[in-house]
Structure formats: structure tokens, C-alpha cells
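Novice: Let me begin by handing over the structure; questions about it come next.
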Amino acid sequence: MCIGRRAPRPKPTAGNLNAVSDGLEPPGGEEAESLARIEAGGIPVAAERRLGRLAGGGLFTSGLSVAEFALAHGLDLEPLGQVMGGSIHQVGYQFLPGGWYGEQVACELDAITHAWDQARRRSLDRLAEEARDLGADAVVGVRVQRGEHDWAAGCVDYVVTGTAVRSTGQGGWPTLTDLSVQDYHKLVSAGYQPVGLVAATSAFFVSSSSSVRWSRAWSTAANQELTDYTQGMYAAREIALRYISSQADASRADGVVGVRIEQQVRSRSFKIAFNSDSERSGLEITFHAVGTAIRATENLFPYPPETTVSMGAQ
């Protein structure tokens, strides 16, 4: 992490809430206004005020290493500050589709998947909003943290952090990427540009049929693949990758680089729809996928020129 001081910039206008107060004491009614902003998907008043002071110049923080910080200046990328977005989301009640108790159940857990999607979208929107308040064109080095905790049963949390940077100065909605400054430089040198962060989650449930469970009960001492669970794992992965592919298509990207997949498996029980007295136990398989969508620019140089020095005799 780097900490430094930037040259002073013009302070925000009087109509901007960031310039309401230069002090640290919040004005009256700020807590209610902050809650209303969060409910609308925005950031709290105190965060906006801090970003306003930071946009006026002064001490800034970033998640860049020393090497990244030095390279950023060589690429005319001005680090503006570290930004964050977060959301804790309650998971709605999840039912399984109807069916006989003895049948195999393999389905996406739509309520859980939707909760992860909502938490992720709000987190990324808040990250971009903080970057926009700083006047950034992009956020590099975006890092994702996800979790489910005992102290918040039935909830999921999503936190994203990154370093806001300015390059073109055109403003608008910042481009998000999980690429490091070094990888960003390599990408641009190869004739590509990042068009945004794509991410998706798929929660899938698998419960074996009664005949399969009965068969396995007689062969517990033998090594064997649990083929229905393996199939569920592949199904969850394909759904997650299909989601990020659709996001990349919507942004007119040529592809997605640096895709990272995280997988979790745990035992869960869910009630069957329209029959609250029936419950099925099985495995909940969750796949999280994230990457950076890229697009070719007009200056496409698959092999950028390199400087060579001949050391031999002519």
C-alpha cells in the first residue's frame, strides 16, 4: 500500500454536498440521510464528504505497490485514492421445486444466487460511485472479498476495494478492472483495453435419489465417484460462466481475461415447495467467477517493438 500527497486541486463547488463542511463533525440529520442513500444504492454522506476533500488534493492512500505506483506515473495514470464498495444482503427463503421424495433433485438455488447478485451489484456500483466522486476514469487492482458468517445467519456480504486512477480525464462512469498496473500496461501495449469487471455467482443444489442412496449404503467401503454430485459441480460452473459471458457480450467485449473461479461445497437442507412438511438434504455447490472483459483497440500490436542492443563484433 502506498500513502502520499497529491498537488492541490480546485475545491468542489458550493452546490456540491462535499463542500458543505470542511470539519469532521457531521451535520444534523446526517445519519438518516446516509441510511436513505444506502437504501437507494448509494454511499453515506461522510464517505462522500471525505472523497470531496480528497478530490481537492492532499494526502491519499492506494492499494498500489511501490513498483505499481512508479509504473502508473510512467503511464500517465494518476492515482487518486483507495475506494471501496460493500453490501450485506439478506437471503430470501429458498424452496426446492416440487417432486416425489425419492427422486433426484438437481437445481439452481435462485434465491441464494439472486442474493449474491444483488450484493455484488450494489458493491460494484458503490465502488464506482466513490471513484467518480474522485474524478477517476478507472479503478485498477479491484479485489473481491465474500463471506457468510455465523453472526449474520441467512446473510451474505460482498466487499470490493481498488485504487481509483485518472488517465484521459474524460470523466463518466469509471471502468473497473482487477488487473494490476503491470498487467494493465501489458494489455494496452498489446492493443487492448479493459471495458469492465464481469462477475457472477451460481448456487446449485444436488440431492441423490433414494435408489442411489440405497446402493451407496451397501458400498461405503469402496472408493467410488459420486457422479450426481460431480454433475452438479459442472452445472454450477457452467451457469456461472454463462452469466459472465452474457455480461461480456452486453459490453461488446472480445473476451474475458484473468478469470478466477472459487468453489464451495457444504451440506444443506431445504424444504420442498408447496409442502412445508417435506425437506431434502444434499449438497449446496456455489461457484463465484470474476474477470476483466477486454476489447481490441484500433492500435492492435500483438508484438510491441522491443529495443535490442548488439554486443557482438560487426
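The values are calculated or read from the model by the stated rules, or taken from the named source; none is laboratory data. For clarity, every value in this text was computed on a predicted model and none was experimentally measured. Here the Cβ positions follow ideal geometry from the backbone for every residue, glycine too, while neighbour counts run over all protein chains shown.
Novice: Among S267, S245, S281, which is the only one that is touching a Leu at 6+ places or on another chain (Cβ under 8 Å) and among the hydroxyl-bearing types (S, T, Y)?
Specialist: S267
Novice: Next question, about the same structure. Here is a check on your reading of the model: is Y243 closer than 27 Å to P97 by Cα, touching a strand residue (DSSP E or B) at 6+ places or on another chain (Cβ under 9 Å) and at pLDDT 90 or above?
Specialist: Yes: the conditions hold for Y243.
Novice: Among the residues of the range 128-155, write down those that are under 14 Å from the mean Cα position of the chain (by Cα), buried (at least 17 other Cβ atoms within 10 Å of the Cβ) and modelled with pLDDT of 90 or more.
Specialist: A128, V139, V140, G141, V142, V144
Novice: Can you work out which of the residues in the range 269-314 that are under 30 Å from M233 (Cα atoms) and over 32 Å from the mean Cα position of the chain (by Cα) is modelled with the highest pLDDT? Outline the logic, then answer.
Specialist: Within the range 269-314, the first condition is being under 30 Å from M233 (Cα atoms), and the residues that meet it are 269-294.
With the extra rule that they be over 32 Å from the mean Cα position of the chain (by Cα), the set shrinks to 274-279.
Details: F274: 67, N275: 64, S276: 62, D277: 67, S278: 78, E279: 83.
Looking at residues that are under 30 Å from M233 (Cα atoms) and over 32 Å from the mean Cα position of the chain (by Cα), I get E279.
Novice: Can you name every residue in the range 29-38 that is surrounded by 14 or more Cβ atoms within 10 Å (Cβ to Cβ) and of a type outside the set (G, A, S)?
Specialist: Selection gives E30, E33, R37, I38.
Novice: Looking only at the range 145-165, which residues are of a type in the set (A, V, I, L, M, F, W, C) and part of a strand (DSSP E or B)?
Specialist: Taking the range 145-165 first, the residues of a type in the set (A, V, I, L, M, F, W, C) are 151-153, 155-156, 159-160, 164-165.
Of everything in the range 145-165, those that are of a type in the set (A, V, I, L, M, F, W, C) and part of a strand (DSSP E or B) turn out to be C155, V156, V159, V160, A164, V165.
Novice: Need pairs with beta-carbon distance below 8 Å; first residue in a helix (DSSP H, G or I) and within the range 116-144, second aromatic (F, W, Y); sequence gap 6+ or separate chains.
Specialist: The qualifying pairs are W116/Y158; A119/Y158; R120/Y158; R122/Y158; S123/Y158; A128/W173; R132/W173.
Novice: Go through the range 90-127 and count every residue that is under 26 Å from D178 (Cα atoms) and crowded, with 19+ Cβ neighbours inside 10 Å.
Specialist: Residues in the range 90-127 being under 26 Å from D178 (Cα atoms) and crowded, with 19+ Cβ neighbours inside 10 Å: 11 in total.
Novice: Just to be sure I understand the filter: pairs with C-beta atoms under 8 Å, separated by 6 or more residues or on different chains, first member in the range 206-217 and within 17 Å of E108 (Cα to Cα), second member of a type in the set (V, I, T). Which pairs pass?
Specialist: Filtered contacts from the range 206-217: V206/V105; V206/I285; S207/V105.
Novice: If you check every pair at least six apart or on different chains, which have Cβ atoms under 8 Å apart with a residue in the range 41-65 that is modelled with pLDDT under 75 first and a residue that is crowded, with 16+ Cβ neighbours inside 10 Å and in a loop (DSSP other than H, G, I, E, B) second?
Specialist: G56/P12
Novice: Starting from residues that are touching a strand residue (DSSP E or B) at 6+ places or on another chain (Cβ under 9 Å) and β-branched (V, I, T), keep the ones in the range 39-78 and report whichever is nearest to V139 (Cα to Cα).
Specialist: If we take residues in the range 39-78 being touching a strand residue (DSSP E or B) at 6+ places or on another chain (Cβ under 9 Å) and β-branched (V, I, T), then T61 is nearest to V139 (Cα to Cα).
Novice: Residues in the range 239-286 that are assigned to a strand (DSSP E or B) and either more than 25 Å from A106 (Cα to Cα) or not polar (S, T, N, Q) (or both): how many?
Specialist: Residues of the range 239-286 assigned to a strand (DSSP E or B): 255-272, 275-286.
Cutting the leftovers down to either more than 25 Å from A106 (Cα to Cα) or not polar (S, T, N, Q) (or both) gives us 255-262, 265-266, 268, 270-272, 277, 279-280, 282-285.
The number of residues fulfilling the criteria is 21.
Novice: I'd like to know if the range 39-61 contains one or more residues that are touching a Cys at 6+ places or on another chain (Cβ under 8 Å) and surrounded by fewer than 17 Cβ atoms within 10 Å (Cβ to Cβ).
Specialist: Among the residues of the range 39-61, at least one is touching a Cys at 6+ places or on another chain (Cβ under 8 Å) and surrounded by fewer than 17 Cβ atoms within 10 Å (Cβ to Cβ), which makes the answer yes.
Novice: On the given criteria, is A222 in a loop (DSSP other than H, G, I, E, B), closer than 30 Å to L96 by Cβ and either at pLDDT 90 or above or of a type in the set (A, V, I, L, M, F, W, C) (or both)?
Specialist: For A222, the condition - in a loop (DSSP other than H, G, I, E, B), closer than 30 Å to L96 by Cβ and either at pLDDT 90 or above or of a type in the set (A, V, I, L, M, F, W, C) (or both) - is met.
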